[in-house]
């Protein structure tokens, strides 16, 4: 067994451990059981007299040691999930305390507390309301100030606008979040963002006297400068292009969606093209490779590669550095590394390593973050389904990357379709034609959208002139999405159980295995 195979099995075992972690009531006890089983398997398999009577004794002992090692790594995954899911939260303890309010008809209400800290993300505005991620550093309770290092979600009116790094004093009741009646697991959604409490419409005042650590001060200083550049760029695009095209360009470049009209957002959902508005590995790779191609004219390729890496890191911070953006950045860096330093030895292990690192940092994402799951399913579709379909599409021309786009779209859609139907109870019947018409133009839309913003920063009329090309591209793409999304049969409602979901993916895996086995037999 090759070392790369062993490494791949260990990575898969860790991911499986994190995935099955929620099934155990006591994750720590389950960890001990798996450690015991894994240790026994390793010790028994490593003993020189084990399997001594078989013809392949050495090979069987090695396989046993690998199996035992995988069980131990699986135990690590279960432990990591339990550690993240059951981690201690000071704010949660205070949110659990309720008082009876006679003035409100005897309704149990949260106790009002004073929290101090700083804004730790962009303010999200929707209509007249807004959401704000607040990093609490101090909790003021009677008689003492408790140091805290946690996030909470604040619901407030849209104005005034708070920016990242603003130090505030927030007076309000801490509450435990509730799930929506629609079935959306809002509690788990917030937990994925390391948020376990909320504060609704509190009293907020500036608190310039708050003491922050050196790391927090450095983070705020860097983020403020980067977000200032982002705000200026967005404003330049808004001045250069009319709505909703300016919102669309900012969406594909920076992942911002709040200015896109609700009816257009619905059309994106019906056509399964919402991913173009998300910062994906695909979007970041386009930016990185375009920059790399430009820089090689001025410096050596290796130097240009590392400059491109630095730009991706800054771009990730500028878009908010959320979990999905960090995931996309890692995927983009992997693809960029493959082009900059030659083809990777084992792309499967590279994907597994990326997944393992991100799950290690955020264990809850594997089981509860649909975006995380869709991203890796799409990548796996490109790795395993696209090569099979490639032989079926030999006659498709290579014009402006049409063949590659067809393969990418169909492969990714096959891989993610069951999960999309299961998670959102809808299935798009026009996703493939919509993606085939939209995706080939995405590199050009992003390029000219970026140039429009840069030109707009220099001079308004220059941005409007350059923006004519971006406007034409945006007009065509939005027209396609709107036309297909408004068809009566664009999407159908489906109801799918988890058993059906696992069955569909089992059939997909079996189909891939069967085709590869048939091809191997034909070659022999």
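Residue by residue, here is whether (1) at pLDDT 65 or above; (2) under 23 Å from residue 362 (Cα atoms); (3) in contact with a helix residue (DSSP H, G or I) (Cβ under 6 Å, 6 or more places away or on another chain) holds:
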{"position": "272", "(1), (2), (3)": "yes, no, yes"}
{"position": "289", "(1), (2), (3)": "no, no, no"}
{"position": "301", "(1), (2), (3)": "yes, no, no"}
{"position": "309", "(1), (2), (3)": "yes, yes, no"}
{"position": "314", "(1), (2), (3)": "yes, yes, no"}
{"position": "324", "(1), (2), (3)": "no, yes, yes"}
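In the list 515, 494, 480, which residue meets the criterion of being in contact with a strand residue (DSSP E or B) (Cβ under 6 Å, 6 or more places away or on another chain) and surrounded by 11 or more Cβ atoms within 10 Å (Cβ to Cβ)?
494
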Mind listing just one residue for me: the one in segment 92-126 that is farther than 19 Å from residue 194 by Cβ and under 25 Å from the mean Cα position of the chain (by Cα) and, of those, modelled with the highest pLDDT? 125
Output the number of residues of segment 135-162 satisfying the condition of being buried (at least 19 other Cβ atoms within 10 Å of the Cβ) and outside any strand (DSSP E or B). 1
The lone condition residue 132 fails out of (1) within 30 Å of residue 363 (Cα to Cα); (2) at pLDDT 75 or above; (3) part of a loop (DSSP other than H, G, I, E, B); (4) out of contact with any helix residue (DSSP H, G or I) (no Cβ under 9 Å at 6 or more places or on another chain) is (3)
Residues satisfying the stated conditions in segment 230-244, i.e. in a helix (DSSP H, G or I) and in contact with a helix residue (DSSP H, G or I) (Cβ under 7 Å, 6 or more places away or on another chain): 230, 232, 233, 234, 236, 237, 238, 239, 240
Do the conditions hold for residue 473, that is, is it free of Cβ contacts under 8 Å to residues at least 40 places away in the same chain and within 30 Å of the chain's Cα centre (by Cα)? yes
For residues that are in a strand (DSSP E or B) and in contact with a helix residue (DSSP H, G or I) (Cβ under 7 Å, 6 or more places away or on another chain), tally how many sit in segment 406-430. 2
Just to check your reading of the model, which residue among 165, 172 is under 17 Å from residue 119 (Cα atoms) and outside any strand (DSSP E or B)? 165
May I ask you to verify whether residue 150 is more than 30 Å from residue 30 (Cβ to Cβ) and at pLDDT 80 or above? no
Only one residue in 4, 13, 87 is over 30 Å from residue 134 (Cβ atoms), under 38 Å from the mean Cα position of the chain (by Cα) and at pLDDT below 80. Which one? 4
Where residue 451 falls short, out of the listed (1) over 26 Å from residue 245 (Cβ atoms); (2) surrounded by fewer than 19 Cβ atoms within 10 Å (Cβ to Cβ); (3) at pLDDT 85 or above: (1)
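The values are calculated or read from the model by the stated rules, or taken from the named source; none is laboratory data. Bear in mind the structure is a predicted one, so any value in this text is a computation, not a measurement. Ideal geometry is used to build each Cβ from the backbone, glycine not excepted, and the neighbour counts take in all protein chains shown.
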